[in-house]
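Peer 1: The structure's right below; bear with me while I get my questions together.
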Amino acid sequence: DPSLAAQPVLHSELVAIVPLDHPRARQSSVKLAELRDSEWISIDAPDAGYRTFLLQLCRNAGFTPRFSRALATQAPALVGLVAAGMGVALVPRLLLPPTPLPIAVLATDCDPLEIHAVWHRDGTSPLLRNFVAILGELPR
């Protein structure tokens, strides 16, 4: 739509995180379909966006994920549940803490996560102008 403007805000590789005792833990990368027999940890959130996102990726890879009874309350909690051996998860690499963790982090065949800010080009709000100016300062 020509009336809209957009700018990338975030780009992150999607990685699989698995417990250290998982059969695929020694690999450096994995195809999503190779995790079809694993239990998946989801996020218990009212909007269910993560679960829907994960379902779609898994279905595109040819399977429906089997969800663990363990549920994270927010994305960073997924790491702790995986470390505790409760299942596997798919997360943007940027969510992983910088310190070493008792999990295996595997590159995947998933497309990277990309988030863009989108706004109407003809918007005249001072708030919108400030927002666009801040976006212009972000590293590309």
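Peer 1: Being open to solvent by 30 Å² or more (accessible area, probe 1.4 Å) and either touching a Ser or Thr at 6+ places or on another chain (Cβ under 8 Å) or over 18 Å from residue 25 (Cα atoms) (or both) narrows it down to one of 83, 72, 45, so name that one. Working first, answer last.
Peer 2: Details: 83 fails: either touching a Ser or Thr at 6+ places or on another chain (Cβ under 8 Å) or over 18 Å from residue 25 (Cα atoms) (or both); 72 fails: open to solvent by 30 Å² or more (accessible area, probe 1.4 Å).
Going through 83, 72, 45 in turn, just one is open to solvent by 30 Å² or more (accessible area, probe 1.4 Å) and either touching a Ser or Thr at 6+ places or on another chain (Cβ under 8 Å) or over 18 Å from residue 25 (Cα atoms) (or both): 45.
Peer 1: Could you count how many residues in region 67-103 are in a helix (DSSP H, G or I) and under 16 Å from residue 44 (Cβ atoms)? Outline the logic, then answer.
Peer 2: To start, the set of residues in region 67-103 that are in a helix (DSSP H, G or I) comprises 77-83, 93-95.
Those still in the list that are under 16 Å from residue 44 (Cβ atoms) too: 77-82.
Result for region 67-103: 6.
Peer 1: Here's another thing I want to ask about it. Could you tell me how many of the residues in region 7-17 are modelled with pLDDT of 90 or more and within 21 Å of residue 136 (Cα to Cα)?
Peer 2: Of region 7-17, the ones modelled with pLDDT of 90 or more are 12-17.
With within 21 Å of residue 136 (Cα to Cα) added as a condition, the list becomes 12.
Matching residues across region 7-17 total 1.
Peer 1: Which of the numbered conditions does residue 102 fail, given that it passes all the others? Conditions: (1) more than 15 Å from the chain's Cα centre (by Cα); (2) touching a residue at least 24 places away in the same chain (Cβ under 8 Å); (3) open to solvent by less than 60 Å² (accessible area, probe 1.4 Å); (4) within 11 Å of residue 17 (Cβ to Cβ).
Peer 2: It fails just one condition, (3).
Peer 1: Then there is this: Could you figure out which of (1) within 12 Å of the chain's Cα centre (by Cα); (2) of a type outside the set (A, V, I, L, M); (3) loosely packed, with under 12 Cβ neighbours inside 10 Å isn't true of residue 130?
Peer 2: Unmet for residue 130, out of (1) within 12 Å of the chain's Cα centre (by Cα); (2) of a type outside the set (A, V, I, L, M); (3) loosely packed, with under 12 Cβ neighbours inside 10 Å: (1).
Peer 1: Could you tell me whether residue 64 is free of Cβ contacts under 8 Å to residues at least 12 places away in the same chain, of a type in the set (Val, Ile, Thr) and either outside any loop (DSSP other than H, G, I, E, B) or out of contact with any helix residue (DSSP H, G or I) (no Cβ under 9 Å at 6 or more places or on another chain) (or both)?
Peer 2: Numbers: free of Cβ contacts under 8 Å to residues at least 12 places away in the same chain: yes; of a type in the set (Val, Ile, Thr): yes; either outside any loop (DSSP other than H, G, I, E, B) or out of contact with any helix residue (DSSP H, G or I) (no Cβ under 9 Å at 6 or more places or on another chain) (or both): no.
Here the answer is no, as residue 64 does not meet what is asked.
Peer 1: Given (1) over 16 Å from the mean Cα position of the chain (by Cα); (2) among the aliphatic types (A, V, I, L, M); (3) surrounded by 16 or more Cβ atoms within 10 Å (Cβ to Cβ); (4) not in a loop (DSSP other than H, G, I, E, B), where does residue 33 come up short, assuming only one miss?
Peer 2: Looking at each condition in turn, residue 33 falls short on (3).
Peer 1: While we're here: Suppose we filter 138, 90 for residues that are open to solvent by less than 90 Å² (accessible area, probe 1.4 Å), closer than 22 Å to residue 12 by Cα and within 19 Å of the chain's Cα centre (by Cα); which single one remains? Full working, then the answer.
Peer 2: Numbers: 138 fails: within 19 Å of the chain's Cα centre (by Cα).
Answer to the check: 90.
The values are calculated or read from the model by the stated rules, or taken from the named source; none is laboratory data. What you see is a predicted model; the values in this text were computed from it and never measured. Glycine gets a Cβ as well: all are built from the backbone with ideal geometry, and neighbour counts include every protein chain shown. Accessible surface areas use protein heavy atoms only, side chains included; no ligands, DNA or RNA. Shrake-Rupley method; radii C 1.70, N 1.55, O 1.52, S 1.80 Å.
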